[in-house]
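A.B. asks: Got a structure here, written out as structure tokens. Questions coming.
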Amino acid sequence: MDVEGLLQNVIRFSNFMTSRLIVSGLVFYVASGFTEVGSASEGFLPDIELLNQVVQNYQTIFDVLGVSDFALLLILFMFLTTIHIIYVVFERIGQYLPPAILPLPGWSAIDEMTLKAFDILGEARGEEHTDEENQRLYEFKKKLREIEQQIEDKYRRELEGINAGFRIAKTFVVFSALAWLYAVASGRYTGDPTFLLIIFGLSILTALYAAFSIFRANHSRILNLQEDVVVQFLGFARIWLTPHYQERIAGVCRRDGHHFKSASFAVVVPIYGTLDALIRDIRTRRPRRMRENRGTK
């Protein structure tokens with residue numbers, strides 16, 4: 001029995017449920033201030049007496065109707081589904097709220113170094129090269145791609161959690177700000193609007209921390225990839241290249257290996273991916289339509 005794997009699954013499930021309970025709890029708390037269900041003025045939680053009455057009423061209904069175990073499981077399923085839907089909705093909304101942080105693919109981030117290094121390898125191979133040399137270079141490129149994929153898989157789970165937290169925090173910034181403005185303007189909020197400002201401030205701090213963590217994780221991801229690729233290039237050059245080309249490979253790795261961009265801010269839009277891609281598509285379509293209109297005339 002894999003005890004370590006079991007513990008990892010338990011921790012993963014705990015984080016899965018905790019994140020959804022926190023998001024749904026905050027949403028229900030804010031919503032309770034605009035409805036007659038509960039009293040947010042009693043504190044951060046709804047009125048305890050009202051909750052006790054609700055629980056007693058449900059217990060009475062269960063005793064009278066003789067609710068089966070299946071019905072209880074159905075109620076639990078509906079509860080879990082509700083909190084999951086709220087979590088997914090907040091995450092999806094946050095996905096399109098600017099700014100978004102887009103990680104750069106590992107190979108693209110270090111292409112300034114790898115392109116020059118492969119040019120040197122091609123130059124060292126010469127114009128007249130054998131099938132064995134071609135196969136050797138192909139296997140080397142394949143190995144580098146496998147290293148990239150291993151590092152991407154290593155950081156994927158960590159980045160998925162941080163990105164989800166960043167998107168949800170952005171949604172809570174907008175949600176709490178709109179709730180506070182509506183509460184002040186309408187005067188119908190029964191709770192303390194200060195708590196809405198506290199949620200707003202904590203959401204901003206969470207978004208900033210998540211953004212910093214995303215950039216730091218992506219920087220570590222690219223840095224690890226760069227270090228492994230440099231080791232492979234130097235080892236390949238030491239085995240198959242002359243000292244002159246070895247020095248050139250080492251120079252490229254030292255000079256261009258520290259200049260890379262791991263992630264960038266962007267505005268995400270549906271279908272096109274980013275706002276920049278949408279603008280480029282509009283600019284390319286406009287001259288084409290003008291030419292078509294001239295042709296029809």
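A.B. asks: Which residues, taken from the range 238-256, are free of Cβ contacts under 8 Å to residues at least 60 places away in the same chain and touching an Asp or Glu at 6+ places or on another chain (Cβ under 9 Å)?
C.D. replies: Answer for the range 238-256, where residues must be free of Cβ contacts under 8 Å to residues at least 60 places away in the same chain and touching an Asp or Glu at 6+ places or on another chain (Cβ under 9 Å): there is none.
A.B. asks: Further question on the same structure: Within the range 160-169, is even one residue over 30 Å from SER32 (Cα atoms) and free of Cβ contacts under 8 Å to residues at least 24 places away in the same chain?
C.D. replies: Scanning the range 160-169 turns up at least one residue that is over 30 Å from SER32 (Cα atoms) and free of Cβ contacts under 8 Å to residues at least 24 places away in the same chain.
A.B. asks: Another question about this same structure. Considering only residues that are part of a loop (DSSP other than H, G, I, E, B) and modelled with pLDDT of 75 or more, which ones fall in the range 1-51?
C.D. replies: GLY33, PHE34
A.B. asks: Would you check which residues across the range 224-255 are among the aliphatic types (A, V, I, L, M) and exposed (fewer than 12 other Cβ atoms within 10 Å of the Cβ) and list them?
C.D. replies: ILE239
A.B. asks: A further question follows. Given (1) of a type outside the set (A, V, I, L, M); (2) part of a helix (DSSP H, G or I); (3) modelled with pLDDT of 85 or more, identify the lone condition not met by GLN59.
C.D. replies: (3)
A.B. asks: Now for a separate question. Quick one: is GLU152 more than 20 Å from PRO98 (Cβ to Cβ) and in contact with a Gly (Cβ under 9 Å, 6 or more places away or on another chain)? Quick ask: steps written out before the conclusion?
C.D. replies: On the way: more than 20 Å from PRO98 (Cβ to Cβ): yes; in contact with a Gly (Cβ under 9 Å, 6 or more places away or on another chain): yes.
Here the answer is yes, as GLU152 does meet what is asked.
A.B. asks: Which pairs turn up if I take residues in the range 83-107 that are touching a residue at least 24 places away in the same chain (Cβ under 8 Å) and farther than 23 Å from LYS261 by Cα and look for partners that are among the hydroxyl-bearing types (Ser, Thr, Tyr) and buried (at least 17 other Cβ atoms within 10 Å of the Cβ) with beta carbon separation below 6 Å, at least 6 apart in sequence or on another chain?
C.D. replies: ILE83/SER24; ILE86/SER24; PHE90/THR171; ILE93/THR171; GLY94/THR171
A.B. asks: Go through (1) over 30 Å from GLU247 (Cα atoms); (2) assigned to a helix (DSSP H, G or I); (3) among the small types (Gly, Ala, Ser); (4) in contact (Cβ under 8 Å) with a residue 40 or more places away in the chain one by one and return the number of the condition GLY191 breaks.
C.D. replies: Among (1) over 30 Å from GLU247 (Cα atoms); (2) assigned to a helix (DSSP H, G or I); (3) among the small types (Gly, Ala, Ser); (4) in contact (Cβ under 8 Å) with a residue 40 or more places away in the chain, GLY191 violates only (2).
A.B. asks: Determine whether the range 136-157 contains at least one residue that is more than 16 Å from TRP240 (Cα to Cα) and in a loop (DSSP other than H, G, I, E, B).
C.D. replies: No, there is no match, as no residue in the range 136-157 is more than 16 Å from TRP240 (Cα to Cα) and in a loop (DSSP other than H, G, I, E, B).
A.B. asks: Can you spot a residue in the range 96-115 that is touching a strand residue (DSSP E or B) at 6+ places or on another chain (Cβ under 8 Å), in a helix (DSSP H, G or I), at pLDDT 80 or above and surrounded by fewer than 16 Cβ atoms within 10 Å (Cβ to Cβ)? Give the derivation first.
C.D. replies: Taking the range 96-115 and keeping what is touching a strand residue (DSSP E or B) at 6+ places or on another chain (Cβ under 8 Å), we get 96, 98-104.
Still in the running and in a helix (DSSP H, G or I): 96.
When the remaining residues are screened for being at pLDDT 80 or above, the result is 96.
From what is left, the residues that are surrounded by fewer than 16 Cβ atoms within 10 Å (Cβ to Cβ) are 96.
Scanning the range 96-115 turns up at least one residue that is touching a strand residue (DSSP E or B) at 6+ places or on another chain (Cβ under 8 Å), in a helix (DSSP H, G or I), at pLDDT 80 or above and surrounded by fewer than 16 Cβ atoms within 10 Å (Cβ to Cβ).
A.B. asks: Which of the following residues is modelled with pLDDT of 90 or more, in contact with a helix residue (DSSP H, G or I) (Cβ under 6 Å, 6 or more places away or on another chain) and of a type outside the set (A, V, I, L, M): ASN224, ASN163?
C.D. replies: Selected residue: ASN224, the only one of ASN224, ASN163 that is modelled with pLDDT of 90 or more, in contact with a helix residue (DSSP H, G or I) (Cβ under 6 Å, 6 or more places away or on another chain) and of a type outside the set (A, V, I, L, M).
The values are calculated or read from the model by the stated rules, or taken from the named source; none is laboratory data. None of the values given here were measured: they were computed from a predicted structure. Neighbour counts are summed over all protein chains in view; Cβ atoms, including those assigned to glycine, are modelled from backbone coordinates with ideal geometry.
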